[in-house]
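Notes follow once the structure below has been shown.
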Amino acid sequence: MGATVTSNAASDSGIAGKGYVHPEVLVSTSWLAEHLDDPSIRIIESDEDVLLYDTGHIPGAQKVDWHQDLNDPVLRDYVSSEQFEKLLREKGIDENTTVIFYGDKNNWWAAYAFWVFQLFGFNNAKLLDGGRVKWEQEGRAFNTDVPRFQKTNYKAPKRSDEKIRAFFQQVREHSSAGRPLIDVRSPEEYTGQRTHMPDYPQEGTLRGGHIKGARSIPWARAANPDGSFKDADSLRAIYEQEKGLKKGDDIVAYCRIGERSSHTWFVLTYLLGYDRVRNYDGSWTEWGNAVRAPIEKGPEK
């Protein structure tokens, strides 16, 4: 079951008309522009390009580096509760703060950071609909000032992976049982023609293909050209009418390292209101390198 998002912000008319089950998890660019000086919010930029923030960012935004701030430096896992607690305290965030995430790549990494925050039960979080791209296309302000906020006494709970995270053996059992798996990578990665996205080095895994029984629903189909999410009816046409998913399904989504599948997890969990969606962040770099992991190649059957 997805986490419940709380909010201390007023309803956003720019989001309300899109028909989402949980419109409160998004804010529009116009709403954020009007609330840049709101002391109860913290704006967090999280990008694939970790140097992008320094070239200019939304005024008041702070940077969360997905690699250095959210991932353990030794284990392939996320930071400890103590590390997460330290991060939020330094960013001036506590339980009464509304965190608004945005980033490049149509909010790939913003959705990933949002998902990691959910692992720690931090529910008062939102995404900026359209992310950095939409903000920039609208000619809104950027600056290079790095804000500093008073440290908080935030106390992080123990991280809980059970509800929204899937691990290798769980995914193997899920596949064997014929339950819904969503491969959100590009079609070429799904068929095994590529081991990474187009225009990226083809590295990081020894075998191409997809997990047995997985359905191909590239993550980007959920986004409009300006990076914003498609409305609920358009999303249902993709996931339900075309691919046959149902709200009661137990679903696992995966990509290559878990960031694109975080985007799809967000869509299904919050925009369409599905209750049982997990992100397999080990994804293809784990599965494609695992000895005797069942792999299929070619188009969807």
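The values are calculated or read from the model by the stated rules, or taken from the named source; none is laboratory data. Keep in mind the model is a prediction, meaning the values are calculated, not measured. Ideal geometry is used to build each Cβ from the backbone, glycine not excepted, and the neighbour counts take in all protein chains shown. Surface areas here come from the heavy atoms of the whole protein model, side chains and all, with no ligands, DNA or RNA. Shrake-Rupley method; radii C 1.70, N 1.55, O 1.52, S 1.80 Å.
Per-structure values
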read-out: Selection from the range 150-203 of residues that are aliphatic (A, V, I, L, M) and more than 24 Å from Ala220 (Cα to Cα); value: Ala156, Ala177
read-out: Members of the range 280-301 that are polar (S, T, N, Q) and out of contact with any Leu (no Cβ under 9 Å at 6 or more places or on another chain); value: Ser283, Thr285
read-out: Residue list for the range 76-94, restricted to those being part of a loop (DSSP other than H, G, I, E, B) and open to solvent by 30 Å² or more (accessible area, probe 1.4 Å); value: Arg76, Asp77, Ser80, Lys91, Asp94
read-out: Answer residue from the range 130-148, given it is open to solvent by less than 70 Å² (accessible area, probe 1.4 Å) and touching an Asp or Glu at 6+ places or on another chain (Cβ under 9 Å) and is farthest from Arg278 (Cα to Cα) among those; value: Phe142
read-out: Subset of the range 193-230 (residues that are at pLDDT below 90 and surrounded by fewer than 19 Cβ atoms within 10 Å (Cβ to Cβ)); value: Arg194, Met197, Pro198, Asp199, Tyr200, Pro201, Gln202, Glu203, Gly204, Leu206
read-out: Residue satisfying condition, being farther than 24 Å from Val27 by Cβ and of a type outside the set (Val, Ile, Thr), within set Glu162, Glu136, Glu90; value: Glu162
read-out: Pair list, Cβ < 6 Å and 6+ apart or interchain, from the range 101-116 residues that are under 13 Å from Asp281 (Cα atoms) and in contact (Cβ under 8 Å) with a residue 40 or more places away in the chain to residues that are buried (at least 24 other Cβ atoms within 10 Å of the Cβ) and among the hydroxyl-bearing types (Ser, Thr, Tyr); value: Trp109/Ser46; Ala111/Ser262; Tyr112/Ser262; Ala113/Ser46; Trp115/Ser262
read-out: Listing of helices (runs of 4 or more DSSP H) fully contained in the range 160-257 that carry 2 or more residues being touching a residue at least 40 places away in the same chain (Cβ under 8 Å) and closer than 16 Å to Ser283 by Cβ; value: 168-176, 187-191
